[in-house]
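Novice: Have a look at the structure that comes next, please.
The values are calculated or read from the model by the stated rules, or taken from the named source; none is laboratory data. As the structure is a computational prediction, the values presented were derived from the model and not from experiment. A quick note on method: Cβ atoms are made from the backbone with ideal geometry, for glycine too, and the neighbour counts reach across all protein chains shown. All accessible areas refer to the heavy atoms of the entire protein, side chains included, with ligands and DNA or RNA removed. Shrake-Rupley method; radii C 1.70, N 1.55, O 1.52, S 1.80 Å.
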Amino acid sequence: MANQGKRFEWLRYVRLHSEAGARWQEEYSSPEILRLTDIPDRALKLLRSSKKEEADSLLASYLADAEAARPRIRNSIYWVLRRWYHSVKAYSVYLDDDYEGAKAHLLSAHGAVERAIEEEPALLPLADHCADFRFQNVRISRNRRRWDDLLEQAEALRSLARSELALCTVSGKDIFITDLRDFLTSTPGIDAEEVAWLESLMSKDRRLRFIERHLADVFSIKGFVIPYEPKAA
């Protein structure tokens, strides 16, 4: 997934932001949920080691266990579990060149994030993951050599950074990068240095610089380079 150097720990800000967030984090850290949340990471490592059959079997078991746990856990936790499933499954089917399937799973991951935040507003830090899903769609367009779609996705990423396009929509309300910044910087108990770091991390200029660096890599394909000129921030 996309990484902007040091990245904020979403779960920490959920916990610190409110009593509701602290209660959520406590339940999410229960032994049953911790056992489950470890599985998508294991599956991803297997996929990267070319052990796809084993990874897919693990993901199928994970999904079955998440569904079995659903009556016992918060709806918001269930949707976070689905978020992890769909993003890793997207990569799995992408490796099979099933690009439409990969896009469908990324869309489902996006929807799972929206449902989780709708159920528990303290989970707003998860909205940043929706930018990651767009990055994955850029890669899919690149591999399919659909250059017009790739350029459209690239411009959408720039619009996200400029807060002209919402990260996601929750209960009819668009959530922008600026909303995420305001949520994070208002976290009780963090010091001025951390607030400044978060403001920098969420700033338009920093995000645009990251996007342009990432896109320059995406446009470079083994054997040739697609003409690409980074846009000024």
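Novice: Which entries in LYS45/LYS89; LYS51/LYS89; LYS52/LYS103; LYS89/LYS173 show an alpha-carbon gap greater than 23 Å?
Specialist: Where the Cα-Cα span goes over 23 Å, the pairs concerned are LYS89/LYS173.
Novice: What does the charge add up to near HIS105, with Lys and Arg as +1, Asp and Glu as -1, over the other residues with Cβ less than 11 Å from its Cβ?
Specialist: Its environment carries a net charge of +2.
Novice: Next up: Given a 1.4 Å probe, how much area per residue of the chain is accessible, in Å²?
Specialist: 50
Novice: Pairs of Cα atoms under 8 Å, at least six residues apart: use those to get the relative contact order of the chain, whole percent.
Specialist: Working: 259 pairs, mean separation 38.8, N = 233.
Normalised by residue count, the contact order of the chain is 17 percent.
Novice: May I pose another question? Across region 23-31, in residue order, what do the Karplus-derived ³J(HN,Hα) couplings come to in whole Hz, using 6.51 cos²θ - 1.76 cosθ + 1.60 with θ = phi - 60° and x for Gly and Pro?
Specialist: So the J values, rounded to whole Hz, are 5, 4, 4, 4, 5, 5, 8, 5, x.
Novice: If you look at just the Cα atoms of region 96-155, how large are its Rg and its Dmax in Å?
Specialist: Using the Cα atoms of region 96-155, the pair Rg, Dmax is 13.1, 39 Å.
Novice: Considering amide H positions built from the backbone, and no H for Pro or chain starts, which residues 5 or more places from CYS168, or on another chain, come under 5 Å of its amide H?
Specialist: Result for CYS168 returns ILE175.
Novice: Also, quick follow-up: In the chain, if the dipole is taken from +1 on Lys/Arg beta carbons and -1 on Asp/Glu beta carbons about the Cα centre, which of ALA112, LEU58, LEU198 is farthest to the positive end?
Specialist: Toward the positive end, the furthest listed residue is LEU58.
Novice: Which ³J(HN,Hα) values, rounded to whole Hz and listed in residue order, are derived for region 68-84 from phi using the Karplus coefficients 6.51, -1.76 and 1.60 in 6.51 cos²θ - 1.76 cosθ + 1.60 with θ = phi - 60°, glycine and proline given as x?
Specialist: Those phi angles translate into 5, 7, 3, x, 9, 10, 4, 4, 5, 5, 4, 5, 5, 4, 5, 4, 5 Hz.
Novice: Evaluate the charge dipole of the chain about its Cα centre and quote only its size in Debye, nearest 20, assuming +1 on the Cβ of each Lys and Arg and -1 on the Cβ of each Asp and Glu.
Specialist: Dipole size: approximately 560 debye.
Novice: Here is a further query. I'd like the accessible area for GLU164, computed on protein heavy atoms only with a 1.4 Å probe and all protein chains in place. Round to 10 Å², please.
Specialist: Surface open to solvent at GLU164 totals about 120 Å².
Novice: Place a +1 charge on the Cβ of each Lys and Arg in region 23-71 and a -1 charge on the Cβ of each Asp and Glu, then give the dipole magnitude about the Cα centre in debye, rounded to the nearest 20.
Specialist: The dipole magnitude comes to about 200 debye.
Novice: What's the carbon and sulfur percent of the chain's accessible surface, probe 1.4 angstrom, rounded to a whole number?
Specialist: 49
Novice: Do you know the relative contact order of region 15-110, to the nearest whole percent, from alpha carbon pairs under 8 angstrom that are 6+ apart?
Specialist: Contact order relative to length: 21 percent.
Novice: Can you tell me the equivalent ellipsoid semi-axes for region 79-203? Use √(5λ) from the Cα gyration tensor, largest first, whole Å. Intermediate results must be reported in sequence, preceding the final value.
Specialist: Details: eigenvalues 152, 61, 30 Å².
Value: 28, 17, 12 Å, ordered largest first.
Novice: A further question on this structure: So if I restrict to the alpha-carbon atoms in region 2-127, what is the Rg, and what is Dmax, the biggest pairwise distance, in Å?
Specialist: 14.8, 44
Novice: I need the phi-derived Karplus couplings for region 173-181: 6.51 cos²θ - 1.76 cosθ + 1.60, θ = phi - 60°, integer Hz, Gly and Pro marked x.
Specialist: 9, 6, 10, 9, 4, 5, 5, 5, 4
Novice: Moving on to the next point. Where q = 0.19 Å⁻¹, what log10 of I(q)/I(0) comes from the Debye formula for region 1-70, counting one point per Cα?
Specialist: Results for region 1-70 at q = 0.19 Å⁻¹ read -0.92.
Novice: While we're on this one: Counting only residues 5 or more places away or on other chains, whose amide H sits under 5 Å from the amide H of SER163 once H atoms are built in the peptide plane?
Specialist: ILE177
Novice: Still on this structure, please answer the following. What Kirkwood radius, in Å to one decimal, follows from the Cα pairs of the chain? It would help to have the intermediate numbers written out before the result.
Specialist: Numbers: mean 1/r = 0.0534 Å⁻¹.
It is 18.7 Å.
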